[in-house]
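As structure tokens, the structure follows; a few thoughts come after it.
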Amino acid sequence: MVKKRLKKGSFIQRVMIAVIAAVICGFILFPIAWLLITSFKSSAEVFRIPPTFWPHEFTFEPYIKTWQGKHLGGASPWGIFVLNSFKVSLPATFLTTLISSLAGYGFARFKFPGWVILLMIILISQMFPGPALLIPISELISAMGLYNTHLALILLYTSFAVPFTTWLSIGNFRSIPEELEYAAMVDGCSRIGSFFRIALPLSRIGLITTAIFAFLMSWSEYPFALILLERNELKTVPVGLGDYVQEFNIAFNEVGAATIVLAIPIFVLFLLAQKYFMKGILGGALKE
Amino acid sequence: MCPPLSFWWAHRRFRRIKIRRYFSLKKKSNLGGYLFISSAVAIVVLFIFYPLFVSIKLSFTSKSFLIPGTEFVGLETYKEVILDEVFRLSLKNSIKWIVFGTLLSLGIGGGIGIFLSIGFKGSKTISALILLPWLLPNIIAAVSWKWMYHPDLGVISFLIESLAGKEIRLLSNVNLVLWLLLIILVWRLAPLASLLFLSGIQSIPKELFEAAEVDGADSYQKFRYITIPHLSYPLIIGTLLISLFILKDFTIVWVTTQGGPVHYSEILPTYIYRLGFYNWEVGKAAATSMLYFIFILSLSLAYLFVFRKVWRGT
């Protein structure tokens, strides 16, 4: 309806829409585009005082330099950082998905004393902002002997993601008819069997959403990785990037290249699982 | 990015569920549920609630890594924090940060969402592209804007300097710095608001507009009396999501300015980090954290109060 009227709309109207759309795109995309462009400039060009818009000399030199890591002693740290990020994010994603679907199933299917209080404990924990817990969590991790280990981050990211994903999965399991499971149980399936064989396969869209959410969160997390990892060979990409910007804050073509490295897995994930993304990143805030 | 919405949802549902569960319990109670939920409860209690209690305990001590031994000093630490000028400055900055960050993100993002909802050629592409800032890690937002603000080589600095005709060191300007960082925050959060508004408008039943058209309403009236009342939902969700995101944010400020120049862009999360990991005053950092909690708690109560009408309506 609205569309039709606009197609008929006057020339001025259409120009106005085009201009506003261009301004929005400019504001939203320029910072990223600028970094991308910079990452293809040679080091000499980055220092040019009226900044050049398009690289005079299109070069992959920053990527190669970043990857070789000459400035960091030539130990190719970014490869290690990327590997570390995967080492942390993938187990955290798996653990989050497992724990939250178990819990979601428990809350959706069982009635037991303390149901409300336990759910409240899980949900309310999202209200505590991360930075205020920096001190006690670092103390706890040190006391557990997990300082400077990836396991610490895996457990932490899981605990940060679980409250929200549990809530998502309660909704998922509620939408699966319980009769299907009763039928399986009549045929001799146990509760756990019916969880793994019936409920879990049926809720796979929810599982993908959960996994995407958990992966994005643990891939991007910065403050806790910053305080819990001290040794260079353990750092994740965000920490490496943060150090890099603060120590060598001139070579922005290389910083740009490193940033693109951090962004690539997210782009890939976005292209592969686009339709699950909205729900995952908007945190189920959309009405269904 | 950890949207804590569910809390609000749960609040709406609990009353009903509570009553239902209470009666059904008497009929059938199935303890197998504990097995399923135990791992989630355990990990949340261990890594969120236990640290919270440790934090409360620490905040009454004068613990510092520079001086051995932990002494119980009661409210002394709190007094010290409140009298601290840097604390008051960062509290003020935090309040500015959250109030203006939320308002601007909602205003600009909401405007973009409403604009996209008119559905012109290419609006679908824009609403997909607009996801980018929200999708990418915080640290990328910080790095890319830091580069544009760079005093000698940044493109924004260059444009402003050639317009003003004199040298302005953007991130070193004590009056400007917080606002410049707010732009980053808005850039990152406006897309979220616009998607919320867009989906809110798209979920309005078409019949309403058709009925209004039959009654002879023009497009302004349709917008005023149909679209705007339906925006209350995205507005509440947006306020909650965005302000809680801002409360949790540490990266944008830390990576761009580290709270500087001096403490002019210090917000409470970076101040807590500085106290705990640079000055090693753990007790003081814990006390600051507790005050930050109180700040957040009062903010949540304020939300409950402000939105009480919409709350009951839904």
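A compact table of results
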{"read-out": "For B:T61, residues with placed amide H under 5 Å, excluding near neighbours", "value": "B:V73"}
{"read-out": "Tensor-based shape of the stretch A:78-281 (alpha-carbon gyration tensor, a/c under 1.5 rounded, otherwise prolate or oblate)", "value": "prolate"}
{"read-out": "Which of B:F115, B:L136, B:I228, positive extreme of dipole for chain B (C-beta unit charges)", "value": "B:I228"}
{"read-out": "Simple Cβ-charge dipole of chain B, Lys/Arg +1 and Asp/Glu -1, about Cα centre, in debye nearest 20", "value": "1680 debye"}
{"read-out": "Principal-axis tilt of helix A:150-174 within chain A, Cα atoms, nearest 10 degrees", "value": "60 degrees"}
{"read-out": "Mean Cβ neighbour count within 10 Å, used as a protection proxy, ranking B:186-194, A:192-200, A:130-138 highest first", "value": "B:186-194, A:130-138, A:192-200"}
{"read-out": "Set A:K87/B:K146; A:K65/A:K87; B:K166/B:K248 screened for pairs whose C-alpha atoms are more than 31 Å apart", "value": "B:K166/B:K248"}
{"read-out": "Gyration tensor (alpha-carbon) shape descriptor, the stretch B:32-313, a/c threshold 1.5", "value": "oblate"}
{"read-out": "Hull-based mean projected area of the protein assembly as shown, where the convex hull spans the alpha carbons, in square nanometres", "value": "31.9 nm²"}
{"read-out": "Average partner coverage of A:263-273, which counts Cβ from other chains inside 10 Å", "value": "2"}
{"read-out": "3J(HN,Hα) from dihedral phi, the stretch A:107-120, Karplus parametrisation 6.51/-1.76/1.60, rounded to Hz, x for glycine, proline", "value": "6, 7, 10, 10, 10, 8, x, x, 3, 5, 5, 5, 5, 4"}
{"read-out": "Inter-chain Cβ neighbour average for residues B:281-293, partner chain, 10 Å", "value": "3"}
{"read-out": "Shielding score for B:238-250, defined as the mean number of other chain Cβ atoms within 10 Å", "value": "3"}
{"read-out": "Whole-number percent relative contact order across the stretch A:78-281, with pairs defined as alpha carbons under 8 Å at least 6 apart", "value": "36 percent"}
{"read-out": "Positive-pole candidate from A:L134, A:I122, A:V268, dipole of the stretch A:78-281, charges at beta carbon", "value": "A:I122"}
{"read-out": "At least 18 Å along the helix axis (C-alpha) and Kyte average at least -1.0, DSSP helices within chain B", "value": "B:32-44, B:85-116, B:177-202, B:232-248, B:282-306"}
{"read-out": "For the stretch A:6-153: rounded, prolate or oblate by the Cα gyration tensor [a/c cutoff 1.5]", "value": "oblate"}
{"read-out": "Among A:I121, A:I176, A:I12, residue whose mean-square fluctuation peaks in a GNM of chain A (springs only between Cα atoms under 10 Å)", "value": "A:I12"}
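Readers should treat all values here as calculations from the given coordinates under stated rules, not as data from a laboratory. For clarity, every value in this text was computed on a predicted model and none was experimentally measured. Here the Cβ is made from the backbone with ideal geometry for all residues, glycine too, and neighbour counts use every protein chain on show.
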